[in-house]
1. Among A:203, B:41, which comes first, second and so on when ranked by fewest other beta-carbon atoms within 10 Å?
2. Remind me, relative contact order of region B:83-262 in percent, using alpha carbon pairs under 8 angstrom and six or more residues apart?
3. Ranked highest first by the average count of other Cβ atoms within 10 Å around their residues, in what order do A:40-46, B:68-74 fall?
4. Expressed as a fraction of 2.2 N^0.38 Å, the rule-of-thumb size for a compact globular protein of N residues, what is the C-alpha radius of gyration of region A:117-183?
5. How compact and how long is region A:89-295, expressed as Rg and Dmax of its alpha-carbon atoms in Å?
6. Return P(r) of region B:83-262 (all Cα-Cα pairs; 10 Å bins starting at 0; whole %; ordered from short to long distances).
7. Per residue of A:39-52, how many C-beta atoms from partner chains lie within 10 Å of its own C-beta, taken as a mean?
8. Compute the relative contact order of region A:59-187 as a whole-number percentage, counting only Cα pairs closer than 8 Å that sit 6 or more residues apart in sequence.
């Protein structure tokens, strides 16, 4: 699919003849000077690459089994009913929502507390702690499956959603904390000090002055945590063996690893998995880019 | 560990600028939940991996359990027929993935950073695979690649290729097929990171360059690229580590097959521990992976000078 790009660019029309310089317009056009086709052509090619897979899964989810039509018509909801009831995606969906929301809340609260301390205090071993946070980025959860399994077995938490929530939270925390401390550092300390002068204690000052300003950042971090927990697969696969406790990615994997894959059910299950994430994504996209650029970890 | 000491030791005298009536314990109390969670569920598991790497430990063969010294490591580097293969494949996977993600992600970010009609919608659509999970990506591409009703069927209808081709079960095509599937999700991620940084390039610089008669290519080389350098270094390294560790996609898309052709080191470790229950050996392989990643982290810290900038 990638190689398609080359031949399509070659015959494209040459850029418009350079216009004579017009000093008055120059300032305004400085940013917009790029010829339109140089934007729309590569963008369309890339959009095709992005959207065909999405169309494909919709097609398979909506057309009757055995159909080879490239248009999902006549439309059927058979696959959704099947996957939701027979393949228990209804139960998986509930479990995934629980895991996602619990991870979101835990990650945001714990990271907010830690991030505030990192941003506003000098304390002993702070630097060491920040280094430890960074090093965890190189500790993959996938490689710690066995010891984590043993810990949760000792805590008698195997087959409980709490084990997955804890594992997801722990691996989300470091980055969330680094990001949040960056957001807090961007809020002038003098604002908080002014609140104290007005009679607030540290907590109410934080709540009234800082917290509202952190909204974009917290939305970015929280939704990141939710999406990760919603999507992540290995922890749920390992720690939840009881079928009634499993999450959507595990359900998808079960559908895929069957001897003869039911493509319609797989497609419908995939859409069930995608919908909440797409909704979250649509809401937060704007916040995400501003959030990341505000809290970006730079040297 | 460092975190425990941070909680237990008496606090440092408050900084000069930080004079307030706050109790000295406060920062420690605030950091404590995060520190405890990370101690219990990251630091302790890491230590236990190191411990088990020196043991024969297999719950299904308890009679052989016990101290093994460096046998596991020796086995990995000398007699294990799969170890070097998985390591080479990991390297190949990471280099190709991150390289292509950098090229396409950078291009995509530059395009959607322009002002044009339909930009908001274009951005949303182009970035949308970012949020799709590894397992769902696999599901989508399994549908696309399947031999009966996948893309190849329609290509064959149009006279390209032959019917019944399954890219995922052919050793010649499985690598590019898996790479493309992962790019589909990885490029938007990379583009988002770059785009976030592009927002902070001052427009004045471009206007000044424009006045001086710099072409767009020159502007890109002398303004945009130097500005993005840090972001590119950080993103590529983070992506490299992430791609190295990422198991979800290959586990579900190819299962490491056909014939072990697409088994990365972490996937091999997962199979060794989950299927073969050879926890001791899996721990030794994990330790090897850690050493490789530690090397990456040192490079990463050097390049980003992390932690030096906060006062």
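No value in this document is a laboratory result; all are computed from the given coordinates. Quick caveat: nothing in here was measured; it's all calculated off a predicted structure. Because the Cβ atoms are built from the backbone with ideal geometry, glycine has one as well, and the counts that use them run over all protein chains shown.
1. So the residues, fewest neighbours to most, are A:203, B:41.
2. On the way: 163 pairs, mean separation 63.1, N = 180.
Relative contact order comes out at 35 percent.
3. Top of the packing list down: A:40-46, B:68-74.
4. For region A:117-183, the normalised Cα radius of gyration is 1.33.
5. 19.5, 70
6. 9, 30, 29, 19, 10, 3, 0
7. 5
8. This gives 33 percent for region A:59-187.
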